[in-house]
Structure formats: structure tokens, C-alpha cells
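This report concerns only the one structure given below.
The values are calculated or read from the model by the stated rules, or taken from the named source; none is laboratory data. In this text the structure is predicted, and so the values were computed from the model without any measurement. As a convention, Cβ positions derive from the backbone with ideal geometry for all residues, glycine included, and neighbour counts pool all protein chains shown. We work out accessible area using only protein heavy atoms, side chains counted, and drop any ligands, DNA or RNA first. Shrake-Rupley method; radii C 1.70, N 1.55, O 1.52, S 1.80 Å.
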Amino acid sequence: MDITHEDLVRGAGLRVTKPRLAVFAAVEANPHADAAQILTIVRDHIPTVSHQAVYDCLASLADAGLLRRIEPAGSPTRYESRVGDNHHHMICRQCAVIIDIDCALGEAPCLTPDSPQGFVVDEAEVTYWGLCATCAAHPLSLTPN
Ligand SMILES: [Zn+2]
Ligand SMILES: [Zn+2]
């Protein structure tokens, strides 16, 4: 039997609510969406849901480890339901598309510093920045004029 969102939410010790399940499903269907996008999607199903309720659901699901937060510099926090596999992200500087990249090692941390100075490293957060294939073919000038 497949594990449902309901099972996962309950297994994480959270109360199963309609908004929580809708938020979970919206993130799963739209990996790397930000909270504003998730709100729009959830409102298609539950028109009366409040902004705050959706933000609270995202926070509780992320805190419970069911969603992963991605916080690229200069952009709002994004969410995804692909958790626990230490994958990385490639982000296009021009159109901001985010692409999942499997980790070469699979286990965190996949990069270890030469001299950790006694620091116990448990994760290396790797973000690749550049241009996606579409934007690389049609680069906009990044400076005015
Ligand atoms: Zn792009
Ligand atoms: Zn991802």
C-alpha cells in the first residue's frame, strides 16, 4: 500500500488538516515553488484558506522534515517535498528556474573541508549558479545599456 500524505503528516506527529494536506500536495506537484505560488494553488482548492494558514502549514511541514526549504540568495524561500536524499540545486541567474541535481555521493556532507578545525560538519549546501539551456541560448545583457 502506498504511503499517503495523511500517513506522513500523522507519522510526523502533526494533526491532519485539510489545508495541511492541500499545501503538501501543492508543493509535491510544484517543486521549488515559493509561498505565494503555493497560496495561489491551494486557493484553487480551498478558496477561503488564509494567507497565514498556508504559511503556517509550510512552516510546520518543513519543521517536521516533510518539506525542504531552499533559500537561494536574493529570492523568496522555495519548498519541495523531495527530502532526505541530499540533492543539490542549479539555479538560472536569468529566469530563476531551479533544477534538481543528484548528489554525486548521495550522503551528506558530500564535501569535506581540508581543515575542519574540530568542527563536525554534517552538510555541505551546494548551489550551482549559471544560465539554463534556454537562457544560455538567449542571454539578456545583465547590465543596462
Ligand atoms: Zn533560465
Ligand atoms: Zn530540489
**OP:** Quote the accessible area belonging to D63 in square angstrom, nearest 10, computed with a 1.4 Å probe and with ligands, DNA and RNA left uncounted.
**Re:** 120
**OP:** Could you check which residue among G84, G74, G11 shows the biggest mean-square fluctuation in a GNM of the chain with a 10 Å Cα cutoff?
**Re:** G74
**OP:** Tell me the label-point distance for the pair E123, R10, using the 7 Å Cα-to-Cβ offset, in nm and rounded to one decimal.
**Re:** 2.8
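Where does the charge balance sit around P116 when Lys and Arg score +1, Asp and Glu -1, over other residues with C-beta under 15 Å from its C-beta?
Details: positive: none; negative: D114, D122, E123.
Summing Lys/Arg as +1 and Asp/Glu as -1 gives -3.
Which of the GluC sites (Glu not before Pro) found in the stretch 73-127 are loop residues per DSSP with 14 or fewer other Cβ atoms within 10 Å of their Cβ?
Working: sites: E80, E107, E123, E125; in loops: E107, E123, E125.
Answer by residue number: E107, E123, E125.
Pull up the DSSP beta bridges for the chain and report the antiparallel fraction as a percent, rounded to 5.
Numbers: 9 of 13 bridges.
Approximately 70 percent, going by the DSSP bridge assignments.
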**OP:** Can you bin the stretch 1-81 into rounded, prolate or oblate? Criterion: square roots of the alpha carbon gyration tensor eigenvalues sorted a ≥ b ≥ c, rounded for a/c under 1.5, prolate for a/b above b/c, oblate for the rest.
**Re:** oblate
Original post:
Shape call for the stretch 22-123 from the C-alpha gyration tensor, a ≥ b ≥ c root eigenvalues: rounded (a/c under 1.5), prolate (a/b greater than b/c) or oblate?
Top reply: prolate
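Under a 1.4 angstrom probe, counting protein chains only, how are I70, I101 ranked by accessible area, largest first?
Numbers: I70 15, I101 45 Å².
Solvent-accessible surface, decreasing: I101, I70.
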**OP:** Find the centroid of the Cα atoms in the stretch 1-39 and in the stretch 68-145, then give the distance between the two in whole Å.
**Re:** 23
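Could you list the trypsin sites (Lys or Arg not before Pro) in the stretch 22-118 that lie in coil according to DSSP, counting only those with at most 16 other Cβ atoms within 10 Å of their Cβ? It would help to have the intermediate numbers written out before the result.
Values: sites: R43, R68, R69, R78, R82, R93; in loops: R82, R93.
Answer by residue number: R82, R93.
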